[in-house]
Amino acid sequence: MAFNMDDISDQSGRLAIVTGSNSGLGYETALAMAKKGLKVVMACRSLDKAEAEKSHILAEVPNGDLEILQVDLSKLASVRNAAEEFRSKHDKLDILVNNAGIMFPPYLKTEDGFESQMAANCFGHFLFTSLLIDLIPDSPDSRITWLSSSAHKTGKINFEDINFEKKYTKTVSYGQSKLACLMYALELDRKLKTAGKKIKSNSAHPGGADTDLSRNMSQWILGLMKYTILPFITHSAADGALPTLEATLALTAEGGQYYGPQGFLEMSGPSGVGTIAKHALDIDISKKLWQISEKLTGAIFHL
Ligand SMILES: NC(=O)c1ccc[n+]([C@@H]2O[C@H](COP(=O)([O-])OP(=O)(O)OC[C@H]3O[C@@H](n4cnc5c(N)ncnc54)[C@H](OP(=O)(O)O)[C@@H]3O)[C@@H](O)[C@H]2O)c1
């Protein structure tokens, strides 16, 4: 049976962080969680945008419990500060949704020396998770969810040049970053199981969702797609958020899984278990990626 938010019970007393919740899928995820009584920490880089979207959520959910946490996931120092700020206010975290992301920007090297898609989509979330994971109760309801994409299917981890210093192709970097998010989800779940923990780490993708993610694409091409192919392969941001909500809130959701739309080409439709590309299940590559990510970010996971 397809996942349905109506089946999710009241979540009062539980706390979630959703990164990038001032826009698109993150906003819809935070809104749906607030409706179910969860306290939601909106982890966003722009306080102004976060305040504006917090007001929009409160307009729909007047008794919603929302907090804003400033974080720029493309900067390790900001990630460390945000984790410290969260820890100074809370001693427990039930759900972490690693949602924030960028797609196809021009090449930019961050202050930590990372390519910007790898920084924001992957390394920032990797460090953030390591700094908060000990606050997550050891329960099957505790979830860490990583946003991946169908783009993982064409992704490849280029260990020779993981930050694209030799050659940058924006689509290749995006594919690598979304494959890495999926590999982090699966590898973390394996590590949690090995440590005897009940916390579930899994991943989700929205298929094609109508959000601002495409802001770096050619507006001409986008305009053309809007009147041709896009209506067949996209759905609303609210529908695109359902796989994230299934992964984080459904009692039946498994750890080490990939949730996504079940319709044509897995691009839209009701949420369910999606198809993981074979190369994303490669344990040796996942372990190597994990080790490199630990080295680059200084992350230490206390499981
Ligand atoms: N839309 C799709 O069809 C689709 C398909 C596959 C996967 N996804 C994934 O879904 C996730 C959400 O994307 P979306 O479609 O909802 O796009 P979106 O509307 O552009 O939202 C992206 C969010 O991430 C935030 N963000 C970007 N860089 C950040 C940083 N350095 N630090 C903190 N926050 C940052 C943005 O903040 P600002 O507003 O400040 O920029 C925004 O809140 C991404 O991980 C994306 O890869 C989306």
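Any read-out appearing in this document is the output of simple, stated calculations on the displayed coordinates, not a laboratory observation. Computed from a predicted model, the values in this text were never measured in an experiment. We place every Cβ from the backbone using ideal geometry, glycine too, and count neighbours over all the protein chains shown.
Any chance you could run the full-extension gain for residue 284 through residue 81? It's 0.36 nm times the residue separation minus the Cα-Cα distance, nm to one decimal.
Numbers: separation 203, 0.36 × 203 = 73.08 nm, distance 3.23 nm.
Gain in length upon complete extension: 69.9 nm.
Enter the Cα centre distance for the pair region 190-255 and region 152-176, rounded to the nearest angstrom.
20
Taking a virtual spin label 7 Å from the Cα of residue 232 along the C-beta vector, which residues in region 183-222 bring their backbone nitrogen under 12 Å of it?
Answer for region 183-222: none.
If I stretch the segment between residue 48 and residue 191 completely, what's the gain in nm (0.36 nm per residue apart, minus their alpha carbon distance), one decimal? Don't skip to the answer; put the middle values down first.
Details: separation 143, 0.36 × 143 = 51.48 nm, distance 3.75 nm.
Fully extending the segment from residue 48 to residue 191 adds 47.7 nm.
Given a cut-off of under 8 Å on Cα pairs at least six residues apart, what relative contact order in percent is computed for region 148-287? Walk me through the intermediate numbers first.
Working: 219 pairs, mean separation 37.0, N = 140.
With pairs under 8 Å counted, the relative contact order is 26 percent.
Just tell me which aspartates and glutamates come within less than 20 Å, Cα to Cα, of residue 287; anything on the same chain fewer than 8 places away is out.
Of all the aspartates and glutamates, those that pass the test against residue 287 - Cα under 20 Å, at least 8 places apart if same chain - are 160, 161, 187, 189.
Quick check for me: using +1 on Lys/Arg Cβ and -1 on Asp/Glu Cβ, what's the dipole size of region 12-297 about its Cα centre, in debye to the nearest 20? Please report the intermediate quantities before stating the final value.
Values: 32 positive and 32 negative charges, 96 e Å.
That gives region 12-297 a dipole magnitude of about 460 debye.
From Cα pairs below 8 angstrom and at least 6 apart in sequence, can you work out the relative contact order of the chain, rounded to a whole percent? Spell out each step's value before the answer.
Details: 635 pairs, mean separation 56.7, N = 303.
Relative contact order, the chain: 19 percent.
Out of all DSSP beta bridges in the chain, what portion is antiparallel? Express it as a percent rounded to 5.
Values: 4 of 30 bridges.
Rounded to the nearest five, the antiparallel share is 15 percent.
DSSP loop trypsin sites (Lys or Arg not before Pro) in region 140-182 with at most 10 other Cβ atoms within 10 Å of their Cβ, which ones? Provide the component values of the computation, followed by the final result.
Numbers: sites: 143, 153, 156, 166, 167, 170, 178; in loops: 156, 166, 167.
Passing sites in region 140-182 are 166, 167.
With a cut-off of at most 12 other beta carbons within 10 Å, and DSSP calling the residue loop, which GluC sites (Glu not before Pro) in region 61-124 qualify? Please list them.
Numbers: sites: 67, 84, 85, 111, 115; in loops: 111.
For GluC sites (Glu not before Pro) across region 61-124 that sit outside H, G, I, E and B with at most 12 neighbouring Cβ atoms in 10 Å, the list reads 111.
For region 124-186, what relative contact order do you get, as a whole percent, if you take Cα pairs closer than 8 Å and at least 6 residues apart? Can you show the working numbers first?
Details: 47 pairs, mean separation 26.6, N = 63.
It rounds to 42 percent for region 124-186.
Specify which residue in the list 73, 29, 158 is farthest towards the positive end of the charge dipole of the chain, using unit charges on the beta carbon of Lys, Arg (+1) and Asp, Glu (-1), about the Cα centre.
158
Quick one: which of 36/191; 75/295; 109/178; 36/200 span more than 24 angstrom between C-alpha atoms? Walk me through the intermediate numbers first.
Working: 36/191 30 Å; 75/295 15 Å; 109/178 18 Å; 36/200 20 Å.
36/191, as the Cα separations exceed 24 Å there.
For the chain, compute Rg over Rh where Rg is the Cα radius of gyration and Rh is the Kirkwood radius from the inverse mean 1/r over Cα pairs. Display every interim value, and only then the final one.
Numbers: Rg = 17.8 Å, Rh = 19.1 Å.
On the Cα set of the chain, Rg over Rh gives 0.93.
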